[in-house]
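The values are calculated or read from the model by the stated rules, or taken from the named source; none is laboratory data. All figures in this text were calculated on a predicted structure; none of them were measured in a lab. Reconstructed Cβ throughout: ideal geometry from the backbone, glycine too, with neighbour counts over all protein chains shown. Note: areas computed on protein heavy atoms with side chains; ligands, DNA, RNA excluded. Shrake-Rupley method; radii C 1.70, N 1.55, O 1.52, S 1.80 Å.
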Amino acid sequence: MKKMTAFSLAALLALASLGGATPVLAKDAGDILVRVRGLAVVPDEGGTTDAIGGSASIDNSVVPEIDFTYFFTENIAAELIVATTPHDVSVSNTSLGRNVDLGDVWLLPPTLTVQYHFMPKKAFSPYIGAGLNYTFFLNEDKGNDPAVTSVDYEDNFGYALQAGFDYKIDDRWSFNFDVKKLFLETSVTVNNGSINARDVDIDPWIVGIGFGYRF
């Protein structure tokens with residue numbers, strides 16, 4: 001993930017030099033920016049079970065996403081993202097002497113951030129943001145492990161940090177690159193409480209690339 005973060009920063013710096021030499025993107029108060037992006041969701045998980053030990057493991061996911069940004073002023077905007085992501089979950093290095101498959105689950109993590117756009121009138125328009133997330137855990141599937149009869153995840157609030165940029169294609173269309181870090185924690189109840197994993201940190205990185213249309 002350090003390589004991904006370094007790449008993100010390098011991309012921001014490389015394109016920053018183009019901002020002054022090209023036509024403006026012209027973000028204005030009252031504008032609505034709708035984007036469609038592809039997201040890579042990379043959990044930075046941590047946590048153990050209280051009965052069999054081990055470490056929680058959640059796989060990565062790549063999904064489509066749609067988001068909406070409303071500009072209160074030229075510089076200040078709010079963004080809402082909507083996407084669902086499927087993940088396989090397991091516990092490794094348990095006291096049972098093997099990994100335990102906890103099946104799969106879908107995450108619905110609507111995230112609202114307030115952004116500051118540094119150069120809203122430039123073709124290259126970087127921004128940062130911070131906000132709140134509430135994650136719903138849906139369609140829990142217990143998987144194929146005979147030791148697991150049920151799995152349940154607790155919905156929860158989290159915090160979000162964000163950085164990204166828009167780059168003008170024409171008066172309406174723009175290219176977007178965006179990185180978010182969610183700070184998200186849940187509790188997992190397995191076999192109706194006989195095996196619990198409390199305070200499991202999911203803390204995913206969410207990297208998005210796509211295109212936006214300004215109304």
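Quick notes on this structure:
- If you go through region 116-165 and keep only what is of a type in the set (D, E, K, R), under 23 Å from the mean Cα position of the chain (by Cα) and assigned to a loop (DSSP other than H, G, I, E, B), you end up with GLU154, ASP155.
- Among the residues making up region 63-84, those that are out of contact with any Leu (no Cβ under 6 Å at 6 or more places or on another chain), of a type in the set (A, V, I, L, M, F, W, C) and open to solvent by 40 Å² or more (accessible area, probe 1.4 Å) are ILE66, PHE72, ILE76, VAL82.
- Restricting region 166-185 to residues that are open to solvent by 20 Å² or more (accessible area, probe 1.4 Å) and over 18 Å from the mean Cα position of the chain (by Cα), the residue that is nearest to ALA83 (Cα to Cα): PHE175
- Of all residues making up region 166-215, the number that are outside any strand (DSSP E or B), modelled with pLDDT of 85 or more and of a type in the set (S, T, N, Q): 0
- Test: residue in region 141-163 that is within 15 Å of LEU33 (Cα to Cα), surrounded by 20 or more Cβ atoms within 10 Å (Cβ to Cβ) and at pLDDT 90 or above: no
- Selection of first residues in region 132-160 that are on the phi > 0 side of the Ramachandran plot and of second residues that are open to solvent by less than 50 Å² (accessible area, probe 1.4 Å) and hydrophobic (A, V, I, L, M, F, W, C), restricted to Cβ pairs under 9 Å at least 6 apart or on distinct chains, gives the following pairs, ordered by first then second residue: ASN139/VAL105; GLY143/VAL89; GLY143/VAL100; GLY143/LEU102; GLY143/VAL151.
- None of VAL200, VAL114, VAL188 is open to solvent by 20 Å² or more (accessible area, probe 1.4 Å) and β-branched (Val, Ile, Thr) except VAL114.
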